[in-house]
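Below you'll find the structure, written out as structure tokens, and then a few comments.
Just so it is clear, none of the values below were taken in a lab; they were calculated from the coordinates. Note that the structure is predicted; figures quoted are calculated from it, not measured. Counting neighbours? That spans all protein chains shown, and the Cβs are built from the backbone with ideal geometry, glycine included.
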Amino acid sequence: MAGAITPELLKQQRLTRMRITATCLLAAMVGLLIICVILQGDYPALAWLRAFAEAGTVGAIADWYAVVALFRHPFGIPAPHTAIIPRNQQRIANGLGSFVEQNFLTPEIVVDRLRGQNTAAAVANWLARPENSRIIANSVAKSVPALLGSFNDKQVARLFERTVVPQLRTLDVSRLAGNVLTILTEGGRHQPLLNHGLRALERWLVANSDMVKAKFGEASRYTPALLDRYIVNKFVEGIIALLHEVVAHPHHELRQQFDAAIQDMIGKLQTSDDYRRVGKVWMRDCIRYLRREDYYRILWERVRARLSADIGSERSLSRDTIAGTLASLGKSVSEDPAIQRKLNAWWLDLVRTVMLRYGRHISALITEVVQGWNADEVSRKIEAEIGPDLQYIRINGTFVGGAVGVLLHAGALLLA
């Protein structure tokens with residue numbers, strides 16, 4: 001909002017008020033001293049007030065000089081040991097970087113501070129809440145269209161040639177297919193799919209029995225049509241009965257034969273040189289086809305369009321998948337102390353490694369940043385932060401100086 005008061009402006013206003021207060025107090029001391037000098041002949045008792053005013057004025061001026069000398073040259077005169085902060089910016093930057101490195105970025109300090117916290121549990125509990133996992137999912141999803149849109153056709157082609165093609169060439173398609181089949185058949189996972197396929201075959205036979213009869217009749221021209229229909233009906237009924245029997249019995253002989261055939265196929269895919277050569281030839285032809293028809297670009301455009309459309313929709317599958325995965329992961333970790341201990345140990349080891357390798361770089365970055373600041377800007381920022389307290393020093397110096405002046409005047413009278 002226009003005209004809003006920023007924190008920097010508030011600091012500057014407070015500094016200005018304190019500076020005016022301290023300066024007005026100095027002017028008051030000077031004015032009181034002048035009055036005492038003029039009237040002391042008529043009122044000898046003003047000697048005590050004059051001593052207070054003289055010492056207070058000296059103290060105020062001395063403290064004013066000291067405060068101003070930190071940030072600039074008093075009255076613009078480049079006196080020695082003034083404008084201390086601007087003139088020593090490089091040394092301050094080096095000292096600040098070393099101070100941070102030695103007192104904040106040592107592995108022992110950081111790791112000891114983090115060791116007492118169950119970071120894994122805290123992060124997991126935070127992720128387990130759907131509203132939090134949704135926040136991360138939305139952030140990730142929003143960045144995807146911009147990331148996908150940042151690649152043009154030439155970059156996609158270069159990525160395909162330099163990254164995808166070398167990986168495809170070294171890919172053992174035969175062994176990969178064998179591994180996929182192993183995963184799909186492990187523990188009987190393929191049995192529901194087999195049942196579904198058997199039922200689909202039954203439905204196909206029932207729906208296309210007339211076509212089977214017609215084809216059988218065409219192949220058997222010298223037999224009566226009635227006999228053809230009888231044979232085909234019995235054949236279809238027998239096949240359907242066999243399918244029902246296989247579906248109903250988990251240990252049917254045909255199932256075992258099917259499983260044995262699958263295992264034999266897996267063994268050949270994983271060990272046979274002939275299958276491996278066929279896989280390599282197939283992959284080489286596939287790469288050649290993708291290059292010739294420019295299908296990698298078309299595939300990329302379709303993937304990009306689908307993802308962008310899904311992410312932009314109100315019921316985004318991508319967002320739901322990411323959010324659900326994160327929430328499930330957080331819930332699993334939050335309920336497993338063993339995993340939390342492992343993650344915390346990994347996290348502390350990572351922090352230690354980062355501190356050992358990059359702690360010096362972080363301090364160097366601090367040094368470089370401070371060195372790159374404008375000297376006047378540095379002085380202004382530091383003065384805005386600590387300037388009000390320094391103005392209090394000027395005020396205190398005025399009264400302390402005045403009190404010391406009175407004490408010195410009293411001592412001089414006692415010794416006279």
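Working from Cα positions, state the angle (0 to 90°, nearest 10) between the long axis of helix 225-248 and the longest principal axis of the chain.
Approximately 40 degrees, to the nearest ten.
Round to a whole angstrom and tell me the spacing of the C-alpha centers of the stretch 4-33 and the stretch 89-149.
Using only Cα atoms, the two centres lie 40 Å from each other.
Return, ordered by residue number, the residues of the stretch 248-265 whose backbone nitrogen is under 19 Å from a label point located 7 Å along Cα→Cβ of T182.
Taking a point 7 Å out along Cα→Cβ of T182, the residues of the stretch 248-265 whose backbone N falls under 19 Å are 259-265.
Which residue fluctuates most in the GNM of the chain (Cα springs below 10 Å): A345, A60, A128?
Fluctuation is largest for A60.
Leaving out same-chain residues fewer than 8 places away, which aspartates and glutamates sit with a Cα under 18 Å from that of K154?
E293, D294, E301
Placing unit charges on C-beta atoms (Lys and Arg positive, Asp and Glu negative, everything else neutral), compute the dipole magnitude of the stretch 131-334 about its Cα centre in debye, rounded to 20.
Working: 31 positive and 23 negative charges, 166 e Å.
Computed about the Cα centre, the dipole is about 800 debye.
By how many degrees, 0 to 90 and rounded to 10, does the Cα axis of helix 375-415 deviate from the longest principal axis of the chain?
Around 30 degrees separate the two axes.
With labels modelled as points extended 7 Å from the Cα through the Cβ direction, what inter-label distance (nm, one decimal) is found for R87 paired with S308?
6.1 nm
Can you tell me how the stretch 258-416 classifies by the Cα gyration tensor, rounded, prolate or oblate, using a/c under 1.5 as the rounded cut?
Details: a/c = 3.64, a/b = 3.02, b/c = 1.21.
Prolate, since a/c reaches 1.5 and a/b exceeds b/c.
Can you list the residues, at least 5 places off or on another chain, whose amide H is less than 5 Å from the amide H of R72, using H built in the peptide plane?
The list, which skips near neighbours in sequence, is A83, I84.
Cross-link partners among lysines for K280, C-alpha distance below 21 Å, same-chain residues fewer than 8 apart left out?
Of all the lysines, those that pass the test against K280 - Cα under 21 Å, at least 8 places apart if same chain - are K268.
Among V236, V246, Q167, pick out the residue whose Cα is farthest towards the positive end of the charge dipole of the chain, where Lys and Arg carry +1 and Asp and Glu carry -1 on C-beta, about the Cα centre.
Most positive-ward Cα: V236.
Compute the angle between helix 273-293 and the longest alpha-carbon principal axis of the chain, please, reported from 0 to 90 degrees and rounded to the nearest 10.
60 degrees
Which of V354, I382, G324 sits farthest toward the positive end of the charge dipole of the stretch 316-382, with +1 on the Cβ of Lys and Arg and -1 on the Cβ of Asp and Glu?
The one lying farthest along the dipole's positive direction is V354.
Could you give the length gained by full extension between F151 and Q12, i.e. 0.36 nm per residue of separation minus their alpha carbon distance, to one decimal place? Can you show the working numbers first?
Values: separation 139, 0.36 × 139 = 50.04 nm, distance 4.70 nm.
The F151-Q12 span can extend by a further 45.3 nm.
Which FRET efficiency value, to the nearest 0.05, do you get for F99 and A403 by plugging their Cβ-Cβ distance into 1/(1 + (r/R0)^6) with R0 = 45 Å?
Numbers: r = 37 Å, r/R0 = 0.81.
It comes to 0.75.
May I ask you to derive the FRET efficiency for L365 and L168 from their Cβ-Cβ distance with R0 = 45 Å, giving the value to the nearest 0.05? Walk me through the numbers before you get to the answer.
Values: r = 41 Å, r/R0 = 0.91.
It comes out at approximately 0.65.
For the stretch 131-334, calculate the relative contact order in percent as a whole number, restricting contacts to Cα pairs under 8 Å that are 6 or more residues apart. Present the calculation step by step, with values, prior to reporting the outcome.
Numbers: 105 pairs, mean separation 89.7, N = 204.
Rounded, it is 44 percent for the stretch 131-334.
Classify the stretch 131-334 as rounded, prolate or oblate, taking a ≥ b ≥ c as the square roots of the eigenvalues of its Cα gyration tensor: rounded when a/c is under 1.5, otherwise prolate if a/b is larger than b/c and oblate if not. Could the numbers behind the result be given before it?
Numbers: a/c = 2.07, a/b = 1.78, b/c = 1.16.
Judged from the Cα gyration tensor, the stretch 131-334 comes out prolate (a/c at least 1.5, a/b above b/c).
So if each residue of separation counts as 0.36 nm, and I subtract the Cα-Cα distance between N138 and A27, what length gain in nm does that give?
Between N138 and A27, full extension yields an extra 33.8 nm.
Rounded if a/c is under 1.5, else prolate if a/b is larger than b/c, else oblate: which is the stretch 157-273, with a ≥ b ≥ c the root eigenvalues of its Cα gyration tensor? Let's see the in-between values first.
Numbers: a/c = 3.15, a/b = 1.98, b/c = 1.59.
Prolate, because a/c is 1.5 or more and a/b exceeds b/c.
Most fluctuating residue of G149, G76, G217 in a GNM of the chain with Cα springs under 10 Å: which is it?
Comparing G149, G76, G217 in the GNM, the peak value goes to G217.
Starting from 0.36 nm per residue, how many nanometres of slack lie between A47 and L356 once their C-alpha separation is accounted for?
Details: separation 309, 0.36 × 309 = 111.24 nm, distance 6.70 nm.
Stretched fully, the A47-L356 segment lengthens by 104.5 nm.
Report, in whole Å, the centroid distance computed from the Cα atoms of the stretch 167-238 and the stretch 286-353.
Between the Cα centre of the stretch 167-238 and that of the stretch 286-353, the gap is 37 Å.
So which aspartates and glutamates can K234 reach, going by Cα to Cα under 15 Å and dropping same-chain residues fewer than 8 places off?
E202, D210
Please pull out the direction-averaged projected area of the stretch 43-129, using the convex hull of its alpha-carbon atoms, in nm² to one decimal place. Mind dumping the intermediate values first?
Details: hull surface 54.7 nm².
Average projection, Cα convex hull of the stretch 43-129: 13.7 nm².
Gaussian network model of the chain, Cα springs within a sub-10 Å range: biggest mean-square fluctuation belongs to which of D336, D389, D42?
With Cα springs under 10 Å in the chain, the top fluctuation among D336, D389, D42 is at D42.
What percent does the relative contact order of the chain come to when contacts are Cα pairs within less than 8 Å and at least six residues apart? Show your work: numbers first, answer last.
Values: 329 pairs, mean separation 178.9, N = 416.
Relative contact order of the chain: 43 percent.
Suppose every K and R has +1 on its Cβ and every D and E has -1 on its Cβ; what is the size of the dipole of the stretch 347-416 about the Cα centre, in Debye to the nearest 20?
Details: 6 positive and 7 negative charges, 41 e Å.
That gives a dipole near 200 debye.
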